[in-house]
Amino acid sequence: FYRGAIADVEEVRKLPSLPGTAQELRAMAKYLGADDEMIYLREKATETQAKTLPLDNIKVVAFSTHGLISGDITGLAEPALVLTPPRKGTATDDGLLTASEVAQLQLDANWVILSACNTAAGEKPGAEGLSGLAKAFFYAGARTLLVSHWPVWDDAAAALTTEMFGAIKKNTSIGRAEALRQSMLQLASSKTNSLYSHPIFWAPFVVVGEGE
């Protein structure tokens, strides 16, 4: 998967698409009152964008994509978020935003939402939880994170985050952790998809940091 220290962008490109992510980000943006220019999808959702955007002016940052942990792919030594790779990989953009690169971002975010698999995982197999991407985002300047403890289902994650913002909009006095709890209850009692009653669909997510 890697050629030296740079990921093979063609291999990154082969990772399966996640069609629900665009809908999820648009739903979150609607609740937050953000316009389309603040949503970065497909060819705009690159590692270069993540590293060059003025993120220190953004209070809510959301990633909806694949989350990888160390060892998921050959040569990956730390957790990473998958972004759209360039035509040719470079040391600054090979389609994988690793934990060490996240730590160098300049954030001032009240909330960072990582709607992806295993984003609460450790920096390497056997390491304590939250020592990978979560630690990196806190180091970069995030105050609260929404992260996952195991692989998540694309459509369930989208439903969970959408309901979470819906709960806050209905009652602005509740905190982030309470909004997540209410969203989990809504998902577990879904009348449109009875499978969502199983914890595998909603239990991996947790709010860490300032949950009030």
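Some points to look at:
- Cα gyration tensor, segment 1-113 - rounded (a/c under 1.5), prolate or oblate: prolate
- Springs join every pair of Cα atoms under 10 Å in this Gaussian network model of the chain, and among Leu133, Leu15, Leu187 the largest mean-square fluctuation is at Leu15.
- Compactness relative to 2.2 N^0.38 Å, alpha carbon Rg of segment 168-207: 1.22
- Measuring nothing but how far apart in sequence close Cα pairs (under 8 Å, 6+ apart) lie, relative to its length, segment 44-138 scores a relative contact order of 34 percent.
- Divide the volume of the convex hull around the Cα atoms of segment 43-163 by the residue count and you get 106 Å³ per residue.
- Close amide-amide hydrogen proximity is noted between Cys117 and Gly67, Val152, each under 5 Å apart and 5 or more residues distant or on a separate chain (H modeled in the peptide plane; Pro and chain starts excluded).
- Whole-Hz Karplus values for segment 105-120 come out as 5, 10, 10, 9, 9, 5, 8, 10, 9, 10, 8, 7, 6, 6, 6, 9 Hz, taken residue by residue from phi with 6.51 cos²θ - 1.76 cosθ + 1.60 and θ = phi - 60°; glycine and proline positions read x.
- Taking each of Lys59/Lys170; Lys51/Lys170; Lys14/Lys51 in turn, the alpha-carbon distance tops 27 angstrom for Lys51/Lys170.
- Residues whose placed amide H lies under 5 Å from that of Ala109, excluding near-sequence neighbours: Ala142, Arg143
- The HN-Hα couplings worked out from phi for segment 80-88 by the Karplus form 6.51 cos²θ - 1.76 cosθ + 1.60 (θ = phi - 60°) are 7, 9, 8, 10, 5, x, x, 5, 10 Hz, whole numbers, x standing for Gly and Pro.
- Dimensions in Å of segment 1-66 - Rg and Dmax from alpha carbons: 13.9, 43
- Distant-in-sequence amide H partners of Gly122 (H built 1.01 Å from N, under 5 Å): Leu130, Ser131
- Alpha-carbon centroid distance for the pair segment 161-197 / segment 92-111, whole angstrom: 28 Å
- Applying the Karplus relation 6.51 cos²θ - 1.76 cosθ + 1.60 with θ = phi - 60° to segment 123-129 yields 3J(HN,Hα) values of 5, 7, x, x, 6, 5, x Hz, where x marks Gly and Pro.
- Relative protection proxy for 81-91, 33-43, 168-178, from highest mean packing down: 81-91, 168-178, 33-43 (other beta-carbon atoms within 10 angstrom).
- For the residue pairs Lys44/Lys88; Lys30/Lys191; Lys44/Lys124; Lys30/Lys169, the C-alpha atoms sit more than 18 angstrom apart in Lys30/Lys191; Lys44/Lys124.
- Overall form of segment 96-212 per C-alpha gyration tensor (a/c, 1.5; a/b vs b/c): oblate
- Quotient of C-alpha Rg and 2.2 N^0.38 Å, computed over the chain: 0.98
- Apolar share of the accessible surface for the chain: 54 percent from carbon plus sulfur atoms, 1.4 Å probe.
- Fraction of antiparallel bridges per DSSP, the chain only, in percent to nearest 5: 60 percent
- Span-like helix ranges in the chain, DSSP H, alpha carbon extent 27 angstrom or more, Kyte mean at least 0.5: none
- Considering only Pro151, Pro199, Pro79, the mean-square fluctuation computed in a Gaussian network model of the chain, springs between alpha carbons under 10 angstrom, is largest for Pro199.
- Over the residues of the chain, the helix contribution to mean residue ellipticity at 222 nm works out to -9000 deg cm²/dmol, using -39500 (n - 2.57) for each DSSP H run of at least 4.
- Across segment 95-212, Cα pairs under 8 Å and at least six residues apart give a relative contact order of 26 percent.
- Across the chain, Cα pairs under 8 Å and at least six residues apart give a relative contact order of 19 percent.
The values are calculated or read from the model by the stated rules, or taken from the named source; none is laboratory data. Note that the structure is a prediction, hence the values are computed from the model and not measured. Note that we place each Cβ from the backbone using ideal geometry, even for glycine, and neighbour counts take in every protein chain shown. Just so you know, the surface numbers come from the protein's heavy atoms only, side chains and all, with ligands and any DNA or RNA stripped out. Shrake-Rupley method; radii C 1.70, N 1.55, O 1.52, S 1.80 Å.
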